[in-house]
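Reading through the structure tokens given below for one structure.
Only the coordinates and a few stated rules stand behind these numbers; no lab work does. These numbers come from a predicted model, not from an experiment. Note: ideal-geometry Cβ built from the backbone for every residue, glycine included; neighbour counts use all protein chains shown.
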2 protein chains.
Amino acid sequence: MDIEDSRDPRRDPIGVFDSGIGGLTVAAALKTLLPSETIFYIGDTARVPYGGKSRKTIERYGVEIGGLLLAEQAKIIVVACNTASALAVPRMTDVFKVPIQGVITPGAAAAVAATKSGRIGVIGTRATVSSGAYGKAIHAIDPKVRVFSEACPLLVPLIEEAMFEDPITDQVLERYLAPLLAQDIDTLVLGCTHYPLAREAIGRAAGPGVTLVDSAENCALAVKTLLEERQLGAPDDQLGRLDVALTDSTEGFLRTAQDALELEIGDVQLRTVQASE
Amino acid sequence: MDIEDSRDPRRDPIGVFDSGIGGLTVAAALKTLLPSETIFYIGDTARVPYGGKSRKTIERYGVEIGGLLLAEQAKIIVVACNTASALAVPRMTDVFKVPIQGVITPGAAAAVAATKSGRIGVIGTRATVSSGAYGKAIHAIDPKVRVFSEACPLLVPLIEEAMFEDPITDQVLERYLAPLLAQDIDTLVLGCTHYPLAREAIGRAAGPGVTLVDSAENCALAVKTLLEERQLGAPDDQLGRLDVALTDSTEGFLRTAQDALELEIGDVQLRTVQASE
């Protein structure tokens, strides 16, 4: 018997990739929606954050981490990082045969569905905002919607310090959101997978008239559809698990996300992305 | 004629290494003290910040960037990054023959010279503070001095946003310095090469009774001594210059540091630390 043929590709893991631990918000949504699926998550904590770095560097990181996920037999790669979704997904789609699902398109669809006034705000890292990826994705669905964006470079460090409920975070948010609120937005896209961890503080700063949209849940739905289309969904008898590999062992971040999301994590490993090692 | 022999090693550059652009404070001090020396600076902006990462990862990065500096004929390597000085210098000293000068020992010496009460505070990244490197270096000079340290993980992001004069930075500093001021310190070590860029705000938060010590100037003096000992100082006829290479092209940071330090920078190049490329 050919050993390779005995493997059931439907039992292969969903590969999830983020620059750090923010993408665990997407992993949590996948676990809830697809409890039979095994998820292999890689956080590139050795090189986090991506948000201030260039397209070329982020493309290279995306292809490297994608390669590590394929080595884990990933049947699909979920880019659970807005910066990498905005900048690396086209390159990853060029080089890998497995489907690549980013978080921008699902987030854009959710925002268009949510807005009544047709005025959407987007917050994200400097790299995500400069890429204009949300604007393009939103306009591809509805060209009449107005999109206003604001880079929030301090939000990820504040969230990684677990300062979810803190007057300093509130002030930083007020400052970042002021120009968007001045545009009378009624919907705000949390365009970074870290941000849902500070959802309450963001909601307070945005006020009750603004609907917050994060792409995690919609991204999980898109993954479900893709797996069904390709007949790659795990059989119902499988008990899914979440394994995590990090490129640097900074356990503090992992604990912060795990606590905030009440996530059960199986194996935690350390990987290197250094080709020479 | 043997071409290799014709090279005068005294004219070789001083290699300076930092995780990002903070180490330009050290490059500026070197330029002032040693105007004949050419400085080749590498900022590892593709993987910045180092401050929250593990010893093993920071050691690997130090050896990689050290190798790039040696390829530029560096006659000495200055580790102008407190995190890398605290964690990577021992490993770099093991593998490289050229002298390696970090910033911790000079900073510790300056602090011991400055304190009258024998109570020194140290602020730095999480990695620098956890390493206890300043405490060890200070106690090696004077075991009776009391050392109190505090990790300030938000300071580097605030400085990279050029928020030197900002009520948010002031509040963050007040919070970080409170436990140190409660210990009646009279001297505060700026244990991260970014921090001198926010020297005024730090001085306001620390109050007039506290002397701020940064290692840049003392590190430049230590380099001068080393070069004299090894007869490697550049001849006086040489007009020194500062060349900068970055591992990612995030010009925003570079401009912030350049403006704050009024630095004249020659060539700016982009390097990769990816062995496979």
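Sort segment B:92-135 into rounded, prolate or oblate with this rule: let a ≥ b ≥ c be the square roots of the eigenvalues of the Cα gyration tensor; rounded if a/c is under 1.5, and if a/c is not under 1.5, prolate when a/b is larger than b/c, oblate otherwise.
Oblate shape, in that a/c is at least 1.5 and b/c is the bigger or equal ratio.
Put a point 7 Å out from Cα along the line to Cβ at A:Gln73; what are the distances to that point in the other copies, in nm, shortest first?
5.5
At a threshold of 8 angstrom on Cα-Cα distance, excluding pairs fewer than six apart, so keeping six or more, what relative contact order does chain A reach in percent?
Relative contact order, chain A: 26 percent.
For helix B:215-229, what angle does its Cα long axis make with the longest principal axis of chain B, in degrees from 0 to 90 and rounded to 10?
That helix lies at roughly 40 degrees to the long axis.
Once a ≥ b ≥ c are taken as the square roots of the eigenvalues of the Cα gyration tensor of chain A, is the result rounded (a/c under 1.5), prolate (a/b larger than b/c) or oblate (a/b not larger than b/c)?
In terms of gyration-tensor shape, prolate.
Mind telling me which of B:Gly107, B:Gly22, B:Gly252 comes out most flexible in a GNM of chain B, alpha-carbon contacts under 10 Å?
Fluctuation is largest for B:Gly252.
I need the phi-derived Karplus couplings for segment A:27-44: 6.51 cos²θ - 1.76 cosθ + 1.60, θ = phi - 60°, integer Hz, Gly and Pro marked x.
4, 5, 5, 5, 4, 5, 6, 10, x, 7, 7, 8, 10, 10, 10, 10, x, 7
Ranked by Cβ crowding within 10 angstrom, fewest neighbours first, how are B:Thr256, B:Thr83, B:Thr225 ordered?
Going from sparsest to densest Cβ surroundings: B:Thr225, B:Thr256, B:Thr83.
To one decimal in nm, how far is B:Thr225 from the same spot in the other copies, if labels go 7 Å from Cα toward Cβ? Please give the shortest first.
Copy-to-copy label distances for B:Thr225: 6.8 nm.
Using r as the Cβ-Cβ distance of B:Arg175 and A:Ser6, and R0 as 60 Å, what FRET efficiency do you calculate, to the nearest 0.05? Let's see the in-between values first.
Values: r = 59 Å, r/R0 = 0.98.
According to the calculation, E is roughly 0.55.
Given label points at 7 Å from Cα along Cα→Cβ, what nm distances, shortest first, separate B:Gln269 from the same residue in every other copy?
Those separations, rounded to one decimal, come out as 3.7 nm.
If the limit is 28 Å between Cα atoms, which of A:Lys31/A:Lys56; B:Lys56/B:Lys97; A:Lys31/A:Lys116 go over it?
Violating the 28 Å Cα-Cα cut-off are A:Lys31/A:Lys56; A:Lys31/A:Lys116.
So which trypsin sites (Lys or Arg not before Pro) in segment A:120-150 are both in a DSSP loop and have at most 14 other Cβ atoms within 10 Å of their Cβ?
Loop-located and lightly packed - A:Lys144.
Just in segment A:151-231: which GluC sites (Glu not before Pro) are loop by DSSP and have at most 15 other Cβ atoms within 10 Å?
Those that pass, being in a loop and sparsely packed, are A:Glu165.
Using only Cα atoms, find the angle between the long axis of helix A:104-114 and the longest principal axis of chain A, and express it within 0 to 90 degrees, rounded to the nearest 10.
Its long axis makes an angle of about 50 degrees.
Please find, in a Gaussian network model of chain A (springs between Cα atoms separated by less than 10 Å), the residue of A:Ala74, A:Ala234, A:Ala178 whose mean-square fluctuation is greatest.
In the Gaussian network model the winner is A:Ala178.
Could you work out, residue by residue across B:157-164, how many beta carbons of other chains sit within 10 Å of that residue's beta carbon, and then give the average as an integer?
Average neighbour count from other chains, rounded to a whole number: 3.
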